[in-house]
1. Among what's in the stretch B:112-137 and is small (Gly, Ala, Ser) and within 22 Å of A:Asp88 (Cα to Cα), pick the residue that is nearest to the other protein chains (Cβ to nearest Cβ).
2. Working only within the stretch A:54-78, note down all residues that are out of contact with any helix residue (DSSP H, G or I) (no Cβ under 7 Å at 6 or more places or on another chain) and of a type in the set (Gly, Ala, Ser).
3. Restrict the check to the stretch B:120-134 and report whether at least one residue is touching a residue at least 40 places away in the same chain (Cβ under 8 Å), in contact with a strand residue (DSSP E or B) (Cβ under 7 Å, 6 or more places away or on another chain) and among the β-branched types (Val, Ile, Thr).
4. Please pick out the residue among A:Glu238, A:Glu248 that is over 19 Å from A:Ser271 (Cα atoms) and not basic (Lys, Arg).
5. Return the only residue of B:Ala80, B:Ala71 being in contact with a helix residue (DSSP H, G or I) (Cβ under 9 Å, 6 or more places away or on another chain) and among the small types (Gly, Ala, Ser).
6. Output the residues belonging to the stretch B:38-68 that are free of Cβ contacts under 8 Å to residues at least 40 places away in the same chain and not in a strand (DSSP E or B).
7. Within the bounds of the stretch B:108-120, is there any residue that is more than 18 Å from B:Leu31 (Cα to Cα), modelled with pLDDT under 90 and more than 16 Å from the chain's Cα centre (by Cα)?
8. Consider B:Asp74 against the criteria (1) assigned to a loop (DSSP other than H, G, I, E, B); (2) surrounded by 15 or more Cβ atoms within 10 Å (Cβ to Cβ); (3) within 14 Å of the chain's Cα centre (by Cα): it satisfies all of them except one. Which criterion is unmet?
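The values are calculated or read from the model by the stated rules, or taken from the named source; none is laboratory data. Predicted model, so just to flag it, every value in this text is computed and none were measured. All Cβ positions, even for glycine, are placed from backbone atoms using ideal geometry, and neighbour counts span all protein chains on display.
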Amino acid sequence: MRQGDLVSATSLSRADVETVLDHAAAIAADPESWRERHAGTLLALCFFEPSTRTRMSFDAAMKRLGGDTVDMGHVESSSVEKGESLADTVRVIEGYADALVLRHPSEGAARMAAEYVDIPLINAGDGAGQHPSQTLLDLYTMREATGLDEVTVGILGDLKYGRTVHSLAEALTEFDARMHFVSPRSLRLPRSVRYDIEDAGGEVREHEDLNPVLSDLDVLYVTRIQRERFPDESEYREVAGKYRIDDETLAAARDDLTVMHPLPRVDEIDSAVDTTDHARYFRQAHNGVPVRMALLDLLL
Amino acid sequence: MTSDDPQLRVSKIRNGTVIDHVTAGQALNVLAILGIDGTGGEEVSVGMNVPSSRIDGKDVVKVEGRELSQAEVDVLSLIAPEATINIIRDYEVIRKTRVQRPNAVVGVIECPNHNCITNAEEPVESEFDVLDEGIRCRYCDTILREKLAAQIRA
């Protein structure tokens with residue numbers, strides 16, 4: 001983690017991750033004692049793409065630390081519509097807040113923006129690039145369920161455009177985790193993520209069918225096919241609905257399999273799974289608050 | 001220098017640069033990197049698939065009246081890692097250097113990812129880290145291994 005910013009999961013060492021997760025656990029165990037920790041602190045929320053969980057959990061996290069947020073609002077009602085550059089936008093907002101959370105449709109946007117501001121900047125998703133704060137809450141949830149070492153994780157769905165996948169896979173190379181990547185051929189991991197996994201000594205095990213590896217998994221991380229990132233609707237339709245996790249699928253899984261999903265889901269996990277012991281995705285979403293409280297407390 | 005020296009198979013130059021030991025087949029890409037397409041009136045000689053004792057066939061490019069910048073040499077090194085740069089003044093080689101792969105290439109290569117922030121209307125220069133094989137965009141992480149010359153900014 002570069003001093004003051006969180007732009008990419010590749011910058012997170014094992015020690016960084018453990019520091020954030022331990023801190024989040026301490027906050028979750030005694031949230032009341034953190035209520036005034038950052039009184040008077042303002043966090044800017046700049047979302048150039050839609051968001052529910054990430055925007056609201058950062059908002060909640062800052063307020064539960066005693067601070068407040070200023071929200072850029074919808075792009076349509078901001079100066080971006082007048083043609084203002086991202087570089088100008090963040091330099092202006094820097095004067096209004098003590099830290100900045102940025103989501104933007106272009107890959108690399110957060111890295112560029114971080115070069116233009118001195119306040120801490122957190123990448124809340126840059127196109128099909130990275131989403132490192134989601135990774136921290138994913139790892140927190142995984143650690144609660146299975147631990148992060150000697151664990152076998154299946155990552156399923158849109159591995160090409162899924163930014164949560166890219167960040168998670170790279171962060172897991174810091175742990176003793178065995179990863180299986182299940183996707184249609186056209187949605188395999190991008191070259192850069194494969195490079196980082198192999199460069200870290202990991203192995204990229206790829207499959208088109210979940211069944212051969214399902215019974216080996218401790219964790220199944222399901223992702224949505226990122227329809228909005230496909231250059232062509234027909235390409236999306238070819239792969240949409242390819243994977244669907246339901247009771248029948250899970251019959252072949254271990255009883256203690258943990259099913260996670262960064263949400264929102266469309267139809268890739270049947271709602272009947274929600275009430276099984278496998279389902280962790282709503283808890284995972286709720287964990288966004290203590291983990292982001294910990295992250296803000298460490299960066300501010 | 002003997003009469004059958006490959007460098008003499010194309011005419012000598014008075015002042016300028018001889019780029020020797022270019023990987024065979026890359027001469028036209030070298031010209032692309034230098035922004036030479038014949039319309040600028042530069043005097044250029046090209047030898048392709050010339051026998052070489054050091055590498056398996058080579059291309060040679062001679063450019064009259066121009067000495068290469070470091071940025072141009074950096075990008076050259078990515079497609080012609082064995083190349084030597086000879087600076088010529090008054091028909092004499094006054095400096096001869098092997099290209100060295102730089103750690104990064106700034107501002108000269110366009111990221112092939114159209115959705116990269118460096119391709120948006122933003123005040124940011126493209127920047128690539130040089131890997132053992134290929135280069136990697138410092139902003140969007142795209143790794144480029146093929147068709148490097150096609151990504152050189154015009």
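1. B:Ala120
2. A:Gly66, A:Gly67, A:Gly73, A:Ser77, A:Ser78
3. yes
4. A:Glu238
5. Sole residue among the options that is in contact with a helix residue (DSSP H, G or I) (Cβ under 9 Å, 6 or more places away or on another chain) and among the small types (Gly, Ala, Ser): B:Ala80.
6. Matches in the stretch B:38-68: B:Gly38, B:Thr39, B:Gly40, B:Gly41, B:Glu42, B:Glu43, B:Ser53, B:Arg54, B:Ile55, B:Asp56, B:Gly57.
7. no
8. Among (1) assigned to a loop (DSSP other than H, G, I, E, B); (2) surrounded by 15 or more Cβ atoms within 10 Å (Cβ to Cβ); (3) within 14 Å of the chain's Cα centre (by Cα), the lone unmet condition for B:Asp74 is (1).
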